[in-house]
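First up is the structure itself, then whatever we jot down about it.
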Amino acid sequence: MNIGNYVQKFWRYLLFAATVAILLGAGVFVFESLPPRTIVMATGAEGGANYELGTRYREILAREGVELQPTTGGLENLRRLRDSKSGVSVGFTQGGTTTKKESPELESLGTIFYEPIWLFRRAEIGEGAQGLRGRRLSIGSEGSGGRALALQIISRTKLDSIIGEVSGFAPQVAAEKLIAGEIDAAFIVTGWESPVIQSLLNAKGIEADSYLHADALIAIYPFLHKLVLPAGVVDLSTNRPPADVVLLAPKASLAVRADLHSALQYLLLDAAVQIHSQPGIFQKAGQFPAAESIDLPLSGEAQRFYKSGQPFLQGYLPFWIATLVEKTLVVLIPLAALLYPVFKLLPQMYDWTMQLRIRRLYDEIRSIDSDMEAQGPQFDANALNAKLDQIDQRANHLQLPTVYASNLYTLRSHIDLVRTRLAKTPDVNPR
C-alpha cells in the first residue's frame, strides 16, 4: 500500500475519531443534563388539606418519584425551600409570607387555590370581637403560615388586648379541643375540602364567624381576598350555616427552587392543572392554576407554560423519553450546524494537500522553462536535463491515492514534453 493510501486512511480515521469524540461528549452532556429521578415536596402537617394535595401530586408523578415531606405549614415550607441542603425543591406557600428580596432563590409556578382563614367559635360565646373577650383561642402551631396570618389579624383588630388565653394547636388538635369545649375559638387556615373544616362545619354547637371588616383588611393586606360561604351550603335541610359567612383568604402558590430542572417544572405544572383546575366551592373551573406572582416571580418555564402549554413532545411521549429527545435535539441541532462546514471543509483540505504535492513538481518544471527562456540559446541542456530527471524520478516515487492517478499521469506527460523540447534544442555548451 502506498503512502497516499496511508494518508487517505489517516484522514478518515482522524475524522472518525473526532466525530466519535464529539458525539460522546454530546452524549455525556445530554445525560448529565437530564432531570433527577426524585422530587422532594414540602406540603403541610400530615392529615391536613395540603398534605392530602401532596399525595395527589405523588399519585400523578409516581413514575417520577415524588417524595413528600410533612411540615407544620407554609413558613416551614419556606424555610426548607430556602435551605439548599434540605433536599426540598417544591412546596406550597401562602400569600403574604415572603417576598422576592427575602427569597431570591425561589420562584413560583403560579397560584393554585384559596386558603381561607376560618374563625370557628363555640355557639354560646356570641359573635364578634366582644364574644372573644377573656376566651381561650388557638391561632395555629409554630411555623405555620396560618399562625402568622392570625397574628396579623389579631394585632390589626386589637383582639390581642381582650383575648384571655392563646394557644398554638395544629388544625386537627384545635378542632378536637374546640368540639370538646377545651378551647372557645380557633383560627384555622386550610381549604374547604379539608376533613377538619368539614367536621367543624357539621359539628353541633360550633359556628363559623364572618369578618365584619373584610374589605378594610383586604385594603390593608392586598394579598387577601374576600370569599363568601353561602348560607345552607353545608346542609340545606337545616340551613347550615344559617347565614352567609364572609371569609378572608390568601392564595396558595406552588413555589420551587430556581435551580429546579425545567422539565420537572413542566411536569409539576401539568399535575397542577389536573389537580386544581376543577370547579370548587370558592373557584370556577379553570381558575387555577393561574399565572399570578403574588410573593415570588413566575419562573420562565411557568410563563411559557401558561402562554403555550407543555412542550410538544411531552404531549405525545412518556416524560423521560420526551425529555431525552428534547435534550438530544438541543445538542445535536447546533452541533450539526457546527460540524456541517467542518465535514465539508475536511475533504477540500485533504484534496488541497494532495494537489499541493503535485503542484510543487509543476512549479519546478516551470522553473526549468523559465531558465530556458532566460538563458536563451546559451542554456546548459545537460544541467536542465539532470534537473528534469530528478523531477521525473520524484514523480515516479510520488505515492498518491488512486483517485489522483490522472493528475500524476498528466504531470509525467508534461515532464516528457519538456524533455522533448530540450532534445530538439542544440546544446551550445556540450560537456
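Please treat every number below as a calculation from the coordinates, not as lab data. Computed from a prediction, not measured in an experiment: that's the story for all the values here. Ideal geometry is used to build each Cβ from the backbone, glycine not excepted, and the neighbour counts take in all protein chains shown.
Listed peptides 401-408, 113-120 appear in the order 113-120, 401-408 once ranked by packing, highest mean of other Cβ atoms within 10 Å at the front. For I206, nonlocal amide neighbours, meaning residues 5 or more places apart or on other chains whose placed amide H falls under 5 Å from its own, are A123. Whole-Hz Karplus values for region 387-403 come out as 4, 5, 5, 4, 4, 5, 5, 5, 5, 5, 8, 6, 9, 10, x, 4, 4 Hz, taken residue by residue from phi with 6.51 cos²θ - 1.76 cosθ + 1.60 and θ = phi - 60°; glycine and proline positions read x. With a threshold of 28 Å on the Cα-Cα distance, the over-threshold entries among K85/K284; K85/K226; K204/K251; K100/K307 are K85/K284; K85/K226; K204/K251. Ranked by the mean number of other Cβ atoms within 10 Å per residue, highest first, peptides 387-396, 200-209 order as 200-209, 387-396.
By the gyration tensor of its Cα atoms, with a ≥ b ≥ c the square roots of the eigenvalues, what is the shape of region 206-259: rounded for a/c under 1.5, prolate for a/b over b/c, or oblate? In terms of gyration-tensor shape, oblate. The order of the peptides 354-364, 188-198 by mean Cβ neighbours within 10 Å, most packed first, is 188-198, 354-364. Is region 37-123 best put as rounded, prolate or oblate by its Cα gyration tensor, with a ≥ b ≥ c the root eigenvalues, rounded for a/c under 1.5, and otherwise prolate when a/b is larger than b/c, oblate when not? Oblate. With neighbour counts taken as other beta-carbon atoms within 10 Å, the residues T71, T38, T98 rank, fewest first, as T38, T98, T71. The phi-based Karplus calculation (6.51 cos²θ - 1.76 cosθ + 1.60; θ = phi - 60°) puts the 3J(HN,Hα) values of region 199-208 at 5, 6, 5, 9, 6, 6, x, 10, 10, 9 Hz, whole numbers, x for Gly and Pro. In the frame of its principal axes, region 42-195 has Cα extents of 51, 33, 24 Å, reported largest first. Once backbone amide H atoms are built at 1.01 Å from N, L106 has A258 as its partners under 5 Å, excluding neighbours fewer than 5 places away on the same chain.
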